[in-house]
Amino acid sequence: AQTVTQSQPEMSVQEAETVTLSCTYDTSESDYYLFWYKQPPSRQMILVIRQEAYKQQNATENRFSVNFQKAAKSFSLKISDSQLGDAAMYFCAYSNQGGSEKLVFGKGTKLTVNP
Amino acid sequence: EPEVTQTPSHQVTQMGQEVILRCVPISNHLYFYWYRQILGQKVEFLVSFYNNEISEKSEIFDDQFSVERPDGSNFTLKIRSTKLEDSAMYFCASTAWRGDEQYFGPGTRLTVT
């Protein structure tokens, strides 16, 4: 079964600085998707960024970018120019290609942004 | 912008009672999911649903759980006889095609006393 590991339960960053959240995963599949979801205190799950495993180019969405290392099974999220609104739980998630494509989540990293 | 909605936002029930959690997925989506999150823990997959049938279910999704899409718009999760350990946030999600972003509803917080 696939597993997702987030080794940093908590991280903090100063406003306007850059922070990187780590994620590793375990799978024997070659085709899959990776996601970062943000969960603010409201507990709504919001997609931050999505990466397709067959694409070598790292995904970017404005201030958010990933470092996808397929061989190392690593998928870290970089947040640049951190803003107070970025404070939230961040979940890394994996989905197989084919089948139901359920999401398998890591335990999350709580990000605090200090003014 | 289309969104997934869930009702109720908070449900309190007594142990042994039946509850039905309701979701309205985005209208052109075809794949539906239920997840749950026990407070302070990670989000766990419960069940996926496509073409009016379950496509996959987790070990958590035992005989006490069932899902239904009764009318082409609603997607429900029923827990037949609730237990204390069923207390959690339940999220519904939907997607237009597999591998795409799953859009999550705001969740139903279930408290079993």
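Computed values, structure above
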{"item": "Filtered residues of segment B:66-111 (kept if under 21 Å from A:Arg43 (Cβ atoms), acidic (Asp, Glu) and more than 11 Å from every other protein chain (Cβ to nearest Cβ))", "result": "B:Glu85, B:Asp86"}
{"item": "Qualifying residue in segment A:16-25 (condition: within 13 Å of chain B (Cβ to nearest Cβ), open to solvent by less than 20 Å² (accessible area, probe 1.4 Å) and closer than 17 Å to B:Leu39 by Cα)", "result": "no"}
{"item": "Selected residue [more than 7 Å from chain B (Cβ to nearest Cβ) and in contact (Cβ under 8 Å) with a residue 40 or more places away in the chain] from A:Gln83, A:Gln97", "result": "A:Gln83"}
{"item": "Strands (runs of 3 or more DSSP E) enclosed by segment B:30-95 - at least 2 residues per element that are open to solvent by less than 30 Å² (accessible area, probe 1.4 Å)", "result": "B:31-37, B:43-50, B:65-68, B:75-79, B:88-95"}
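The values are calculated or read from the model by the stated rules, or taken from the named source; none is laboratory data. Everything quoted here is computed from the prediction, not taken from an experiment. Reconstructed Cβ throughout: ideal geometry from the backbone, glycine too, with neighbour counts over all protein chains shown. We work out accessible area using only protein heavy atoms, side chains counted, and drop any ligands, DNA or RNA first. Shrake-Rupley method; radii C 1.70, N 1.55, O 1.52, S 1.80 Å.
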